[in-house]
Amino acid sequence: MCGRMAITLPHDAMVQMFDAAPSNDLPADTANYNVCPTNTLAVVTSQDDTRRLRPMRWGFIPHWYKKPNGGPLLINARSETIAEKPAFRDACRNRRCLIACDGFYEWKREADQTPLPYWVTRTDGQPMVFAGIWQDWGQGDDLMSTCAVVTCDANADMAPVHDRLPVVLEPENWALWLGEEGHGAAPLMKPAEQGVLQLRRVGTAVNSNRASGPELIEPLVVDE
């Protein structure tokens, strides 16, 4: 799964990376080392072959929810069932997006132990881009755009820590996922190749969703 990430890329860098036009109402352009569900993200969508960088709430809201918290918080969508689930199937066909970050956190959980956090990034040092889906919810002053990260089975790098992994897209597949190259995006929903990602243990400060600062991604130093 993906329940926490870090985003330090300035909006200008995202605009250049994705060749997208920025919306006027993007979230604050400040580094956030502890992005949590319900936070607002800068997300890339495409319509009529024009890409936009636009704000979205992380937490997909199905159209039948009467209020934003009218049901489970849907921050992830499983690739295996995304085309069948009533909440996601239309978005999977028609409203796909790209979610860029520096990396994400995952926790190794064992019985009777404090969850151990890991910081996961690309091995090549490039920004990580997740496959996402989005949907508008509400109307009038209550209208908001919402999104979820698509997940798949873990690859060999992630499996010792967790059994799920966000779908990480390579640049050559961004256009296909956004629908700019027609149909056929389903095969992209697969684990990253072994070696694309790297993991390192970090301190348990990030176990709190109120923690902040670049020290959250610093390698854990274990006293001998």
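If I ask for residues that are surrounded by 17 or more Cβ atoms within 10 Å (Cβ to Cβ) and more than 22 Å from Q47 (Cα to Cα), which ones from the range 175-195 would you list? Answer for the range 175-195, where residues must be surrounded by 17 or more Cβ atoms within 10 Å (Cβ to Cβ) and more than 22 Å from Q47 (Cα to Cα): P191, A192. Here A77 meets each of (1) open to solvent by 20 Å² or more (accessible area, probe 1.4 Å); (2) in contact with a helix residue (DSSP H, G or I) (Cβ under 8 Å, 6 or more places away or on another chain); (3) under 13 Å from A148 (Cβ atoms) with one exception, condition (1). Can you tell me how many residues in the range 13-24 are touching a strand residue (DSSP E or B) at 6+ places or on another chain (Cβ under 6 Å) and either among the small types (G, A, S) or farther than 15 Å from I99 by Cα (or both)? Qualifying residue count, the range 13-24: 3. Within the range 16-26, the set of residues being more than 10 Å from R54 (Cβ to Cβ) and not aliphatic (A, V, I, L, M) comprises Q16, F18, D19.
Filtering F60, F88 for residues that are more than 30 Å from P10 (Cβ to Cβ) and open to solvent by less than 60 Å² (accessible area, probe 1.4 Å) leaves a single hit, F88. Being open to solvent by less than 70 Å² (accessible area, probe 1.4 Å) and part of a loop (DSSP other than H, G, I, E, B) is the filter here, so list the residues in the range 8-22 that pass it. Scanning the range 8-22 gives T8, L9, P10, A20. Kindly indicate whether L197 is out of contact with any helix residue (DSSP H, G or I) (no Cβ under 9 Å at 6 or more places or on another chain), in contact (Cβ under 8 Å) with a residue 40 or more places away in the chain and over 24 Å from R57 (Cα atoms). Yes, satisfied. Assess whether E106 counts as being crowded, with 17+ Cβ neighbours inside 10 Å, in contact with a Leu (Cβ under 9 Å, 6 or more places away or on another chain) and closer than 25 Å to Q194 by Cα. Judged against the criteria, E106 is a match. Restricting attention to the range 128-144, the residues that are open to solvent by 10 Å² or more (accessible area, probe 1.4 Å) and outside any loop (DSSP other than H, G, I, E, B) total 8.
Taking the range 145-174 as the range and being in a loop (DSSP other than H, G, I, E, B), more than 21 Å from K108 (Cβ to Cβ) and open to solvent by 30 Å² or more (accessible area, probe 1.4 Å) as the test, only E170 passes.
The values are calculated or read from the model by the stated rules, or taken from the named source; none is laboratory data. Predicted, not measured: the structure shown is a model, and the values here were computed from it. Don't worry about glycine lacking a Cβ; one is built from the backbone with ideal geometry, like all the others, and counts go over all protein chains shown. For the accessible areas, the whole protein counts, side chains as well, though only heavy atoms, and no ligand, DNA or RNA atoms are used. Shrake-Rupley method; radii C 1.70, N 1.55, O 1.52, S 1.80 Å.
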